[in-house]
Amino acid sequence: MEATREDIEGLFELQRIDLEVKRLTKELDDLPQRSIIVAAREKTTEIEAKAEKVAELKRVTARKITRIDDEDASLAKKEAGVQAAIDAAHGDFRNVEARTKELAGIVRRRGTIAEERIGVQAELDKITAMEAQIALALEELAAKEQQAIDSFQKQGGDLKLAIAKLEAGRGQVEAKVDAELVRSYDRIAARSGGVSVGVLDGSRCGVCRMPIEGGRLIDLRSQAPLGICPSCKRLLVIA
């Protein structure tokens with residue numbers, strides 16, 4: 001296969017660049033910050049769903065207190081009216097007796113709902129404390145995510161810059177190599193996903209290490225300075 005010394009050097013340089021780009025790209029993809037960010041966001045979504053349930057529970061509980069307070073206010077007003085009626089009854093014993101029973105019922109009811117309110121208020125206090133815990137957890141997750149994002153942007157940015165520089169340099173190398181050889185190299189690189197150019201090592205391919213014997217070896221050597229391995233189909237430099 002026709003190739004100049006500059007072509008062969010260029011092919012090896014292209015391979016060096018491509019392998020380094022591949023390594024850096026894998027390093028970028030494997031940055032631990034990615035999994036930290038994803039895990040933080042998944043946990044945040046989970047906690048936010050819980051927060052919404054807690055918020056709804058708080059609204060329901062707050063409405064219970066409002067109803068109790070409304071009933072108590074109504075009973076307090078009624079209690080004051082009954083007491084005023086008792087005070088105004090003077091010697092009307094039957095009226096006073098009836099009003100006194102009514103008053104006692106109101107007082108009992110107010111005592112009952114006062115106890116209910118204590119229980120509901122305790123429930124509301126627990127919910128409020130839970131809300132505070134959730135808010136703290138979300139705050140900590142947000143800080144952890146932001147820290148991972150900042151670290152990823154710094155480390156990932158450095159890797160992306162290094163990759164961009166390599167790719168820019170690749171274009172300059174390509175321009176110095178025969179276009180047909182570059183196309184052959186690119187096809188092999190796309191297929192192999194790794195090393196695409198090697199050196200004939202005696203009677204073996206320097207890449208796949210398969211032995212090349214007899215007529216196939218003679219035919220390969222006749223392609224010098226550049227041939228194709230009959231086994232792995234990679235480019236082989238023939239000294």
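The values are calculated or read from the model by the stated rules, or taken from the named source; none is laboratory data. All values reported here derive from a predicted model rather than from experimental measurement. A quick note on method: Cβ atoms are made from the backbone with ideal geometry, for glycine too, and the neighbour counts reach across all protein chains shown. Heads up: the accessible areas ignore ligands, DNA and RNA and are worked out on the full protein's heavy atoms, side chains in. Shrake-Rupley method; radii C 1.70, N 1.55, O 1.52, S 1.80 Å.
Under 14 Å from the Cβ of residue 134, count the other residues' Cβ atoms, weight Lys and Arg +1, Asp and Glu -1, and hand me the total. Around residue 134, the charge tally is -2. Modelled this way, with points 7 Å down the Cα-to-C-beta line, the labels at residue 167 and residue 239 are 3.7 nm from one another. Placing a label point 7 Å from the Cα of residue 203 along the Cα-to-Cβ direction, the residues of region 216-230 with a backbone N closer than 18 Å are 216-223, 229-230.
If you roll a 1.4 angstrom probe over the protein chains with everything in place, what fraction of the accessible area of region 29-170 belongs to carbon and sulfur, to the nearest %? Please list the in-between numbers first.
Details: 5410 of 9470 Å².
Answer for region 29-170 is 57 percent, counting heavy atoms of protein chains only.
For region 195-235, the fraction of C-alpha pairs farther apart than 13 angstrom is 40 percent. Solvent-accessible area of residue 45, all protein chains in place: 90 Å² (probe radius 1.4 Å, heavy atoms, ligands and nucleic acids excluded).
Taking label positions 7 Å along the Cα-Cβ direction at both residue 179 and residue 48, the computed distance is 5.3 nm, reported to one decimal.
What lysines sit close enough to residue 176 to cross-link, taking a C-alpha to C-alpha distance under 21 Å and skipping anything fewer than 8 places away on the same chain? Qualifying lysines at Cα under 21 Å: 165. Legend: distances between Cα atoms for 64/126; 50/144; 53/77; 50/126; 78/101; pairs beyond 25 Å are 53/77.
Computed over the chain, the P(r) tail beyond 27 angstrom holds 67 percent of alpha carbon pairs.
Based on DSSP H runs of at least 4 residues, each adding -39500 (n - 2.57), what is the mean residue ellipticity at 222 nm of the chain after dividing by all its residues, to the nearest 500 deg cm²/dmol? Numbers along the way, then the final one.
Details: 5 runs with 187 residues, N = 239.
So the calculated ellipticity at 222 nm is -29000 deg cm²/dmol.
Whole percent per 5 Å bin, from 0 to the bin with the longest distance: what is P(r) over all C-alpha pairs of region 29-170? Cα pair-distance distribution for region 29-170, in percent: 2, 8, 11, 10, 8, 7, 7, 6, 6, 5, 5, 4, 4, 3, 3, 3, 2, 2, 1, 1, 1, 0, 0. Judged by the ratio a/c of the largest to the smallest principal axis of the C-alpha gyration tensor, region 149-225 counts as prolate, that ratio being 1.5 or greater while a/b is larger than b/c.
Measuring between their Cα centroids, region 97-154 and region 176-206 lie 70 Å from each other.
Between residue 100 and residue 125, the C-beta separation translates, for a Förster distance of 25 Å, into a calculated FRET efficiency of about 0.10.
Taking other residues whose beta carbon is less than 13 angstrom from the beta carbon of residue 210, and scoring Lys, Arg as +1 and Asp, Glu as -1, yields +3. With both partners inside the chain, how many of the DSSP beta bridges are antiparallel, as a percent to the nearest 5? Taking every DSSP beta bridge within the chain, about 65 percent pair in antiparallel fashion. The simple spin-label model puts a point 7 Å past each Cα toward its Cβ; for residue 60 and residue 147 those points are separated by 3.7 nm.
Which whole-number value in Å² is the accessible area per residue of the chain, probe 1.4 Å?
On the way: 14880 Å² over 239 residues.
Roughly 62 Å² per residue, with all protein chains present.
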